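One structure is given here, and the rest of the page talks about it.
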Amino acid sequence: MTTPLTLTADTRGDGSPVLAATGEIDMSNSAELAAALGAVIGQDSRPVLVDLRGVGYLDSAGLTVLLTHASDIEVLATPLLAPVLTICGLTDLTSVHGLDAEDAGDS
């Protein structure tokens, strides 16, 4: 059974690409995340902003996708995901915004 995940590709006001995820990212749907990222990466010279503010759960399969594409993305998350994004080292490889309560609403 696939865990519910909605992925929406869009652009910010400045035209840079955004991929927003809502739901849970795990082994059952991480290939969808990888495919969606692959489709968006390279459409613009700027990094893709991966918006994880709507994600309540992220396992190692989802982290692997993010780590694989770390040089091509920036991440917008919430304090809920801060421990896993920090421990896995993603915060050392790319910009991750929203991990502190003060900047959780930034975009």
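Taking other C-beta atoms within 10 angstrom as a stand-in for reagent exposure, Arg12, Arg53 fall in the order Arg12, Arg53, fewest first. Applying 0.36 nm per residue to the separation of Ser45 and Asp100 and subtracting their alpha-carbon distance, the gain on full extension is 17.0 nm.
Net charge of the neighbourhood of Ser60, taken over other residues with C-beta under 14 Å away and scored Lys/Arg +1, Asp/Glu -1, is -3.
What Kirkwood hydrodynamic radius do you get for the chain when you take the inverse of the mean 1/r over all pairs of distinct Cα atoms, in Å?
13.6 Å
Helical runs (DSSP H, four residues minimum) scored at -39500 (n - 2.57) apiece and divided by the length of the chain put the mean residue ellipticity at 222 nm at -7500 deg cm²/dmol.
Could you give the length gained on full extension between Leu67 and Ser28, defined as 0.36 nm per residue of separation minus the Cα-Cα distance, in nm?
Additional length available on full extension: 12.3 nm.
Using the Karplus relation 6.51 cos²θ - 1.76 cosθ + 1.60 with θ = phi - 60°, the per-residue 3J(HN,Hα) values for the stretch 2-13 come to 8, 6, x, 8, 10, 10, 10, 8, 7, 10, 7, x Hz, with x marking Gly and Pro.
Placing +1 on the Cβ of every Lys and Arg and -1 on the Cβ of every Asp and Glu, with nothing else charged, gives the chain a dipole about its Cα centre of roughly 200 debye. Taken along the Cα-to-beta-carbon direction at a fixed 7 Å, the label points for Met1 and Asp59 span 1.3 nm. Neighbours of Leu49, meaning other residues whose beta-carbon lies under 10 angstrom from its beta-carbon, give a summed charge of -1 when Lys and Arg score +1 and Asp and Glu score -1.
No value in this document is a laboratory result; all are computed from the given coordinates. It should be emphasised that the depicted structure is a prediction, and the values quoted were computed from it without experimental measurement. Positions of Cβ are backbone-derived with ideal geometry, glycine not excepted, and every protein chain shown enters the neighbour counts.
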